[in-house]
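A.B. asks: First, the structure itself, so that you have it in front of you.
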Amino acid sequence: MTTTPSPTAGPDLRGFLMAHRGFRAEFGRLAAAARQVRDEAHAALIESQIDLVMHVLHHHHTAEDTSIWPDLVAKAPSAAPALDRLEAQHEEMDPLFTAVTDSTRSVAERAVDLQALHDLLNAHLDEEERVAVPLIQRHLSAAQWEKDGEEVTSSIDRRRLPQIFGWLGSASTPGQRAEALRTVPLVPRVLFRLAWWPAYQRRFRSLYGEVEMGPNPTRVLS
């Protein structure tokens, strides 16, 4: 979800960290669902969810590697080794990205890969939030951060936005959802409440049964 900070404010990281909450939660949920596939329709829904989350993750990592990290290095050259390490971790995940999206294998066969990606990605996000988030807060202006966010949003398939909004909402607390909704324009805010969120709740139950929504309580740092 996009944010609209005031011109004098620092970078508003709520949308960025909301995406992190989504990534932290979803691959673990998918791994558990893949271990208990009910039927072909359920397998197809899991496949669709993998595709949805990987679409957003690809654009998120691309923005970091091509815009955010270079902007930070320009402002804080001494941070280059730490940011190079984060970029290298993206590359280290590539084999798992390939494995979890390999539709020539059954969803059940990919459960181990989904769990491995959950573990590796959470460790990466721990480091990213510990190292990069303070650098962003210290060195990037609100305007520059908003520009980077707009570039990410524009690169995402807009037809997927209802499900993306729902997915991110499903990995947040009610308070976090309400806070995020205050930062988006009126039309998507109304659509989320009236249509996107109810539809995604149904999708979530079809995917995960009685699993509770919300962030992974042992991993989310904000």
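The values are calculated or read from the model by the stated rules, or taken from the named source; none is laboratory data. None of the values given here were measured: they were computed from a predicted structure. Cβ placement follows ideal geometry from the backbone for every residue including glycine, while neighbour counts extend to all protein chains displayed.
A.B. asks: Please work out which one of (1) closer than 26 Å to Asp157 by Cβ; (2) touching a Lys or Arg at 6+ places or on another chain (Cβ under 7 Å) is the condition Ala111 fails and give its number.
C.D. replies: Unmet condition: (1).
A.B. asks: Right, something else. Here are Ser48, Ser67: which of them is among the polar types (S, T, N, Q) and modelled with pLDDT under 95?
C.D. replies: Of Ser48, Ser67, the one residue that is among the polar types (S, T, N, Q) and modelled with pLDDT under 95 is Ser67.
A.B. asks: Can you tell me which residue among Ala63, Ala41, Ala33 is closer than 19 Å to Leu125 by Cα, among the small types (Gly, Ala, Ser) and part of a helix (DSSP H, G or I)?
C.D. replies: When all the criteria are applied, what remains is Ala63.
A.B. asks: For region 194-218, give me the residue count where each residue is charged (D, E, K, R) and either at pLDDT 95 or above or surrounded by 14 or more Cβ atoms within 10 Å (Cβ to Cβ) (or both).
C.D. replies: So the count comes out to 3.
A.B. asks: Condition test on Asp12, is it in contact with a helix residue (DSSP H, G or I) (Cβ under 9 Å, 6 or more places away or on another chain) and either modelled with pLDDT of 95 or more or charged (D, E, K, R) (or both)?
C.D. replies: yes
A.B. asks: Moving to a separate point now. What's the number of the condition Thr104 fails, among (1) outside any helix (DSSP H, G or I); (2) over 28 Å from Glu47 (Cα atoms)?
C.D. replies: Every listed condition holds for Thr104 apart from (2).
A.B. asks: While we're here: Would you tally the residues in region 96-122 being touching a Phe, Trp or Tyr at 6+ places or on another chain (Cβ under 7 Å) and exposed (fewer than 15 other Cβ atoms within 10 Å of the Cβ)?
C.D. replies: Adding up the residues that qualify gives 0.
A.B. asks: Please identify the pairs in which a residue from region 146-171 that is within 14 Å of Val184 (Cβ to Cβ) has its Cβ atom under 6 Å from the Cβ atom of a residue that is in a loop (DSSP other than H, G, I, E, B), counting only partners at least 6 apart or on another chain.
C.D. replies: What qualifies is Gly149/Thr2; Thr153/Thr2.
A.B. asks: Sticking with this one: Only one residue in Glu47, Glu64, Glu92, Glu40 is within 15 Å of Ile156 (Cα to Cα) and acidic (Asp, Glu). Which one?
C.D. replies: Just a single option satisfies the conditions, and that option is Glu64.
Conditions tested, residue by residue: (1) acidic (Asp, Glu); (2) more than 15 Å from Asp12 (Cβ to Cβ); (3) touching a helix residue (DSSP H, G or I) at 6+ places or on another chain (Cβ under 6 Å).
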| site | (1), (2), (3) |
| --- | --- |
| Asp126 | yes, yes, no |
| Arg130 | no, yes, no |
| Val133 | no, no, no |
| Lys147 | no, no, no |
| Arg177 | no, yes, yes |
| Val190 | no, yes, no |
| Tyr208 | no, yes, yes |
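A.B. asks: Okay, moving on. Filtering region 131-140 down to residues that are surrounded by fewer than 16 Cβ atoms within 10 Å (Cβ to Cβ) and in contact (Cβ under 8 Å) with a residue 24 or more places away in the chain, which residue is nearest to Ile46 (Cα to Cα)?
C.D. replies: Going through the qualifying residues, I end up with Val131.
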